[in-house]
Structures are given as structure tokens and as C-alpha cells.
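I have placed the structure first, in the form of C-alpha cells, so that the comments after it can refer back to it.
The values are calculated or read from the model by the stated rules, or taken from the named source; none is laboratory data. As the structure is a prediction and not an experimental result, all values here were calculated from the model. Using ideal geometry, Cβ is built from the backbone for each residue, glycine included, and neighbour counts are taken over all protein chains shown. Just so you know, the surface numbers come from the protein's heavy atoms only, side chains and all, with ligands and any DNA or RNA stripped out. Shrake-Rupley method; radii C 1.70, N 1.55, O 1.52, S 1.80 Å.
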Amino acid sequence: PDKKRVLNEVSMTTSKAKSSSASVVVSSLATLGRLLSCEEKDVEQWHSVLTKIHRLICSQDQCRRDLLLKKHGGVELLLATLQACCDGVVLLDVIETFDEISRSVRGSLVLTRRGVLPVLMRSLVWTVKRTPHDKQLIKSFHVLIVRLASKEKQFGIKARLSGILPIPLAIVQQSTLSTVPRTTLIPALQLLRLVATKGVNATFLGKQGAVAALMKVIRSSASSDPRILKAALDALAAVAVNKSNAAKMCSNGGIKLLVTMISEWHCHDKDNRHIAMRKTLLTILKHTTMTGQIYSLFPKPIVSICCI
């Protein structure tokens, strides 16, 4: 009996804590709504409220569920804050809150259905124009967009209409001229791969120099960072589906580089830990065969390596 009484008390205490946390989330959302209706924007109070919401949804699943409920309007209030506020700290608070919600499958689906992705892309374009040196905020935008893009069927079209195509490409091109942090370059390469799956976008990226930039990243990271190399190869595979982009890769010495990398990975990857990377290399090589230039450049080595 004593054990049952203790367990009942613990369960009651836990339920009370959850309900109190949920009520704090609801009251915080109400405060956020009042801040949005005020003419004067109190950035510090905004930051305090958003930090409290983020802390609660990180610690309590019930708070996360309450935030997603349509009757509370939590997602809509966060979207309105994202569009109304110009402060980088507040924008980062909103992005981190959305990022925490999107870690679950249900949360990412709800965010996609509520129209979060188009607002994020427009906010990214605005942020790059206003504060191009805020690397942390731009990186957080890229990570969240990449996570939600897989749930959006028309992502390629919406990305082109929102105007975000030059943004990840600019980061990749900048990495060839200066040192870009690894945590910033990888999300940019992943976003570049996603937007390039649409043929029109791949053509645009090819005209803007995406092939040459990706080749430089691959050459520089071939032996230093496998994660960057894999992300760059995936992006190049998506861009090279376009025949004109594949022809540009052939004219820039891409065939020789691909053949050398395939041979090296085949010899050194004896434990088959990088099968996905080797498969991507062969996929890019397959795209180059559509141009016809590969047969005049390397007729025998390619056949012998691909048959291994």
C-alpha cells in the first residue's frame, strides 16, 4: 500500500508539473500575441518569451504538442514573429524553436502543412539582404529548410519563386575563395542538391557557375573531410543531370577527376564503409556519358574501372 501511495503521489506530481508547463506555454503564447499587436517592438521581452517557450518544448513533450495545436495558434504566432521582427537574436530564437519542433516526424509534417517553409525561404532572402554577415542565423535557416524540404512536394518550384537559389550557391562559391565553416558549408551543399532536382533550377545554377564551384570543393575536400565531399558529390550529381552542366563538367577536367576518385575509393575502401559515396561517383559518371564527350576523352580506363 505504501508503495502504491508513493507511486500515485509521484504520478500526480508529474501530471501537475506537465499541466503547469503547458499553461506556461499557453500564457507565453498570449504574451507573444500582445507583443505582436504593440506598435513599439520590445526586443528584450520578445527574446525572453521565446527563450521560455523554447526551453519548455525542449523539456516537455506535452508542451510541444500544445504548441502545435491549432486552437492555441502557436505556429501562426511564431510565423508572425518571424515576419514582423528584424532583430537577429529574435529570429534565431524562432528558428531554434521551429528546429526543435521539426525533429519529430509529426512536428515537421505540421509545420509543412501550416505553410512554414515559404515563410522561411522569404525570411532567408530578407536576412541575406539585410544582415549578410550573420553566419549563425543563415546557417540555421539552411538547416531548417533542408529538414522541411523533404515533406514538400513542390519544393523546387517554391524555392525558385522565393529567390533563394543564389544563396546556397554564393556560400559554396565563397568557400572556394576563403574559409567557410564546415557547419555552414554542409547545409548549403544539401540545400543546393535539393533545389537542383528541378530541371529549371539546375539550368539556372549551371549558368551561375555551380559546376565549377562544386568541382573546386570536391578537389579541396577529397582527402580532408568525407562529409563535405559526400554533400558536394550529391549536389554535383543533381546538377549534372542537366546535359549542359554535364558538358561543362567534362570540359573542366571532371572526367579525369571522377575516374581517379573512383579508382582510389575502390582500392582503399576495403571495408565498404563509403558505398554511398562510390555510388554517387558512378552516378555522376553516368550523367557525363549522356554528353558523348566521355568516349573521346577516356575510352578504355572508364570501361575497365566500371567493370571492376
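This table checks each residue for (1) modelled with pLDDT under 85; (2) assigned to a helix (DSSP H, G or I); (3) among the aromatic types (F, W, Y); (4) under 25 Å from the mean Cα position of the chain (by Cα).
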{"position": "A238", "(1), (2), (3), (4)": "no, yes, no, yes"}
{"position": "L257", "(1), (2), (3), (4)": "no, yes, no, no"}
{"position": "N272", "(1), (2), (3), (4)": "yes, no, no, no"}
{"position": "T288", "(1), (2), (3), (4)": "yes, yes, no, no"}
{"position": "P301", "(1), (2), (3), (4)": "yes, yes, no, no"}
{"position": "I308", "(1), (2), (3), (4)": "yes, no, no, no"}
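Here the condition is being over 13 Å from the mean Cα position of the chain (by Cα) and within 22 Å of Q208 (Cα to Cα); of L111, L91, L169, it holds for L169 alone. Being under 21 Å from L185 (Cβ atoms) and open to solvent by 20 Å² or more (accessible area, probe 1.4 Å) is the filter here; which residues of the range 110-128 pass it? Of everything in the range 110-128, those that are under 21 Å from L185 (Cβ atoms) and open to solvent by 20 Å² or more (accessible area, probe 1.4 Å) turn out to be V125, V128. Considering the conditions (1) buried (at least 16 other Cβ atoms within 10 Å of the Cβ); (2) within 13 Å of the chain's Cα centre (by Cα), R103 is excluded by exactly one of them, (1).
With respect to P187, determine if the residue is assigned to a helix (DSSP H, G or I) and either closer than 23 Å to H274 by Cβ or at pLDDT below 90 (or both). For P187, the condition - assigned to a helix (DSSP H, G or I) and either closer than 23 Å to H274 by Cβ or at pLDDT below 90 (or both) - is met. Does K207 count as closer than 18 Å to G254 by Cβ and surrounded by fewer than 15 Cβ atoms within 10 Å (Cβ to Cβ)? Spelling it out, K207 is indeed closer than 18 Å to G254 by Cβ and surrounded by fewer than 15 Cβ atoms within 10 Å (Cβ to Cβ). Remark: pairs (first residue in the range 158-174, within 14 Å of L194 (Cβ to Cβ); second residue open to solvent by 50 Å² or more (accessible area, probe 1.4 Å) and in a helix (DSSP H, G or I); Cβ separation under 7 Å; 6+ apart in sequence or on different chains) = R160/V200; S162/R122; L165/F204.
Filtering I95, I145 for residues that are within 26 Å of I218 (Cα to Cα) and either in a helix (DSSP H, G or I) or at pLDDT below 90 (or both) leaves a single hit, I145. Scanning the range 172-204 for residues that are open to solvent by 20 Å² or more (accessible area, probe 1.4 Å) and either under 19 Å from T127 (Cβ atoms) or in contact with a helix residue (DSSP H, G or I) (Cβ under 6 Å, 6 or more places away or on another chain) (or both) turns up Q173, Q174, S175, T176, V180, P181, T183, Q190, R193, L194, T197, K198.
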